[in-house]
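Right, one structure below, let's go through it.
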Amino acid sequence: MKGRALVLSAIIFLAAFAAAPPWASSENYGQLRALKRRAATVTRQKNDFVARVLHSYNIQYQLTKEGVVGRLQIGNNWLDVNRIEIVPLVQEGEHGLQVMGHEIFFYTEGEILHLVSALTIR
C-alpha cells in the first residue's frame, strides 16, 4: 500500500512538473529576447555617445573589446576608467522636461573626471 501511494505521488508530481510553467512559454521567451536586444541597443548608444563626446573635446581614449571607453589620456598619462555615469541635464519646457545636455563622470583610480556636453545620446 505504501508503495502504491509513493508511485501515485511520484506520477502526480511528474505530471504537474511536465505541464509548461508560465515563464517557459514562447510569448515570454520573445519578451525576454526583446528586452535583451533593447539592453544591447541602449548599451551601444551609451558607448557611442561617450566616444562622440570625448572626440568633440579632442580627448584621446581607448576602447575595450566590448566597445566601452577603458582608458583616457589626460596630459601625458593614461588613466584606467573603472566606471562611467551619464546624467542628463534637464530643463522645464512647454511639454514637460527637455534634455538640454549631459554630464559625464569618469571614475578612475584616484580621480573623478567630469565633462559637460550639449550633445544628445540619440
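General remarks:
- With R₀ set to 25 Å, the beta-carbon distance separating E103 from A40 gives a calculated FRET efficiency near 0.55.
- For the set S56, S117, solvent exposure ranked by accessible area (probe 1.4 Å, protein chains only) runs largest to smallest as S56, S117.
- For region 54-100, diffusion coefficient by Stokes-Einstein and Kirkwood Rh (Cα), 25 °C, 0.890 mPa s, µm²/s: 188 µm²/s
- Solvent exposure of region 40-122 amounts to 69 Å² per residue of accessible area, where only protein heavy atoms count and the probe is 1.4 Å.
- Subtracting the Cα-Cα distance of Q91 and D48 from their residue separation scaled by 0.36 nm leaves 13.1 nm.
- Set against the 2.2 N^0.38 Å expectation for a compact globular protein, region 21-122 has a Cα radius of gyration ratio of 1.37.
The values are calculated or read from the model by the stated rules, or taken from the named source; none is laboratory data. Keep in mind the model is a prediction, meaning the values are calculated, not measured. So basically every Cβ, Gly included, is an ideal-geometry build from the backbone, and we count neighbours across all protein chains shown. Each accessible area value is taken on the protein alone, full model and side chains, heavy atoms only, with ligands, DNA and RNA left out. Shrake-Rupley method; radii C 1.70, N 1.55, O 1.52, S 1.80 Å.
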